Amino acid sequence: MKKMKLIGLFIALMMSGGQAMAAGKVTNKDILAKVKAYDSYTREVRRHLHYYPEVGGQEVETVKYLKDRLAEIGDFEIHDVPGSTGFYATLDTHRPGKTIGLRTDIDGLPVTESSLNGEGKEKPFVSKNKGVTQGCGHDGHMAILLTTIRILYDYRDRLTGRYVFLFEEGEETNTGIRPMIAAIKDIKFDAIYGNHLASNVPTGQIYIKEGSIMSGMAMLSWQVFGRGGHASRPDMAVNPIYASTAILNSVAIAWNQQRDITKLVTLGITQFQGGETWNVIPDSVYIGGTLRFFDWDSGVRSLELIKKVATDVAKAHNCTVRFGEKMTAQVPPVVNDAHLAAAAHTAIEALYPGRVTSDEGYNWYASETFALYNQLAPTLFTLIGVENKALGTTAGHHTAAFDIDEDALQYGIGTMLRFAIGL
């Protein structure tokens, strides 16, 4: 009951613009003017970070760049996150008010970027770090947060409370979230906000809804062990390839027969590795992939079903199974607080009329470590559309052709500012 009262008080403050009552309310007109004034800065930051991406756990130059930019803006308390390349920075107005977390991820992907985008057009900006790309939009996320920080700093004499800016390492590899949570767990957050550029949402559209907006994820990782031998005498070996094929076929059948099909869980097998040459039966086969789900319990039950089927079918083929340490439900779905989502929908619609959507067709099957921040406070996560067919920014995330429409960044900044200053 106490928690509900606190959340209710927080929503009331947000709806009344409570964060902005220090020395004159920051209006939507103020926000739009500042976002426009810093447009070239936002694009400059995004392009630099796109040119020089680094993979999770190795974002050394990225962090240096981000900290240098913060130093240019003003005086912040900066705290490195132990066991991580990530860090967080705070802006304290030294006036009573809410504590708001604003988060970005900072890592790239180990993918060689194509010079052509989703429509086969030349990209204006391509990674200069060979074999690494910002193929998920994290360069845009960092640019959005830095510009937001710059504007909040400009308005610091008109704000109350404290802001905590979270720069999370290794979102793609799930390596930075738990050290970050451990580092900030004693901060009494009132709410935490994050966003994601989305290639399945048109530029100019902002997806806000209560409940699940991105899926949870379980990793699949197991080996099937048989007994290797000469291909000319399969009767003297125990072939794990047949057993592994039977396991996958049986899982596909069990998927519809032993699971609640009203609870959507996607099964993505991405690895099937066994054998090194044409005339030798291997000792083992490796199978890998993921499950994605919007309901945590359904994801866990589906994972256990796979384990049971794999064990039983392997035994029928005189094989054994060893499950990998990471074969667990690792990331829950991203679930928006209902009160924050409702307040945000109203406030952002006022800021950007006609640009807010709650169409569940935009629910995203990708997973996000942002889901874990709701251990600390009510959270809100929005999707900012970057799909523009005329520009060619239509390729899916995690592909070599992925690109963004930079015109979308303004909506990410405006939405983050409106949340931070007061819904």
Could you list all residues from segment 273-291 that are closer than 12 Å to Trp222 by Cα and either open to solvent by 90 Å² or more (accessible area, probe 1.4 Å) or hydroxyl-bearing (Ser, Thr, Tyr) (or both)? Gln273, Ser284, Tyr286, Thr290
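Conditions (1) open to solvent by 30 Å² or more (accessible area, probe 1.4 Å); (2) out of contact with any Gly (no Cβ under 9 Å at 6 or more places or on another chain); (3) of a type in the set (Ser, Thr, Tyr); (4) over 29 Å from Ile348 (Cβ atoms), marked per residue:
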position	(1), (2), (3), (4)
Ala71	yes, yes, no, yes
Ile100	no, no, no, no
Leu116	yes, no, no, yes
Gln134	no, no, no, no
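Return yes when Thr90 is in a loop (DSSP other than H, G, I, E, B), touching a strand residue (DSSP E or B) at 6+ places or on another chain (Cβ under 8 Å) and of a type in the set (Ser, Thr, Tyr) and no when it is not.
Working: in a loop (DSSP other than H, G, I, E, B): no; touching a strand residue (DSSP E or B) at 6+ places or on another chain (Cβ under 8 Å): yes; of a type in the set (Ser, Thr, Tyr): yes.
The answer is no for Thr90.
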Suppose we filter Asp235, Asp186 for residues that are over 29 Å from Leu291 (Cα atoms), out of contact with any strand residue (DSSP E or B) (no Cβ under 7 Å at 6 or more places or on another chain), free of Cβ contacts under 8 Å to residues at least 60 places away in the same chain and not in a loop (DSSP other than H, G, I, E, B); which single one remains? Asp235
Tabulated pairs, segment 42-55, first in contact (Cβ under 8 Å) with a residue 40 or more places away in the chain, second hydroxyl-bearing (Ser, Thr, Tyr), C-beta under 6 angstrom, 6+ apart or interchain: Thr42/Thr147; Pro53/Ser127; Pro53/Thr133; Glu54/Thr62
Unmet criterion (only one of (1) closer than 23 Å to Gly101 by Cα; (2) part of a helix (DSSP H, G or I)) for Val335: (2)
Looking at segment 353-366 only, could you name the residues that are within 25 Å of Asp30 (Cα to Cα) and either of a type in the set (S, T, N, Q) or in a loop (DSSP other than H, G, I, E, B) (or both)? Pro353, Gly354, Arg355, Thr357
Verdict on Met327 being under 16 Å from Leu102 (Cα atoms), hydrophobic (A, V, I, L, M, F, W, C) and in contact (Cβ under 8 Å) with a residue 40 or more places away in the chain: no
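Has segment 79-86 got at least one residue that is closer than 19 Å to Ala408 by Cβ, surrounded by 15 or more Cβ atoms within 10 Å (Cβ to Cβ), touching a helix residue (DSSP H, G or I) at 6+ places or on another chain (Cβ under 9 Å) and β-branched (Val, Ile, Thr)? Show your work before the answer.
Here is the first cut: in segment 79-86, the ones closer than 19 Å to Ala408 by Cβ are none.
Taking every residue of segment 79-86 in turn, none turns out to be closer than 19 Å to Ala408 by Cβ, surrounded by 15 or more Cβ atoms within 10 Å (Cβ to Cβ), touching a helix residue (DSSP H, G or I) at 6+ places or on another chain (Cβ under 9 Å) and β-branched (Val, Ile, Thr).
Does Asn318 qualify as being buried (at least 17 other Cβ atoms within 10 Å of the Cβ), of a type in the set (S, T, N, Q) and either in a helix (DSSP H, G or I) or touching a residue at least 40 places away in the same chain (Cβ under 8 Å) (or both)? I'd like the intermediate steps shown before the answer.
Details: buried (at least 17 other Cβ atoms within 10 Å of the Cβ): no; of a type in the set (S, T, N, Q): yes; either in a helix (DSSP H, G or I) or touching a residue at least 40 places away in the same chain (Cβ under 8 Å) (or both): yes.
Here the answer is no, as Asn318 does not meet what is asked.
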Pick out the one residue from Leu380, Leu391 that is surrounded by 22 or more Cβ atoms within 10 Å (Cβ to Cβ) and either farther than 30 Å from Val300 by Cα or under 15 Å from the mean Cα position of the chain (by Cα) (or both). Leu380
Candidates Ala408, Ala350, Ala400, Ala371 - the one that is among the aliphatic types (A, V, I, L, M), modelled with pLDDT of 95 or more, open to solvent by 10 Å² or more (accessible area, probe 1.4 Å) and not in a loop (DSSP other than H, G, I, E, B): Ala350
Scan segment 161-169 and tell me whether some residue there is surrounded by fewer than 16 Cβ atoms within 10 Å (Cβ to Cβ), at pLDDT 95 or above and over 26 Å from Glu406 (Cβ atoms). no
So, Arg292, is that one at negative phi, modelled with pLDDT of 95 or more, of a type in the set (Lys, Arg) and outside any helix (DSSP H, G or I) or not? yes
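For (1) in a strand (DSSP E or B); (2) in contact with a strand residue (DSSP E or B) (Cβ under 9 Å, 6 or more places away or on another chain), each residue gets a yes or a no:
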site: Ala182; (1), (2): no, no
site: Gly194; (1), (2): yes, yes
site: Leu197; (1), (2): yes, yes
site: Lys209; (1), (2): no, yes
site: Met214; (1), (2): yes, yes
Could you please find all residues in segment 378-397 being assigned to a loop (DSSP other than H, G, I, E, B) and charged (D, E, K, R)? Lys389
Given (1) in a helix (DSSP H, G or I); (2) open to solvent by 30 Å² or more (accessible area, probe 1.4 Å), index of the condition Val63 fails: (2)
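Checking the condition out of contact with any Lys or Arg (no Cβ under 8 Å at 6 or more places or on another chain) and either surrounded by 16 or more Cβ atoms within 10 Å (Cβ to Cβ) or more than 22 Å from Glu172 (Cα to Cα) (or both), which residue from Ile269, Ile247, Ile206 passes? Before the answer, list the steps.
Values: Ile269 fails: either surrounded by 16 or more Cβ atoms within 10 Å (Cβ to Cβ) or more than 22 Å from Glu172 (Cα to Cα) (or both); Ile206 fails: out of contact with any Lys or Arg (no Cβ under 8 Å at 6 or more places or on another chain).
None of the others qualify; the one that does is Ile247.
The values are calculated or read from the model by the stated rules, or taken from the named source; none is laboratory data. Here the structure is a predicted model, which means the values were calculated and not measured. Backbone-built Cβ (ideal geometry, glycine too); neighbour counts: all protein chains shown. Ligands, DNA and RNA are excluded from the accessible area calculation, which covers all protein heavy atoms including side chains. Shrake-Rupley method; radii C 1.70, N 1.55, O 1.52, S 1.80 Å.
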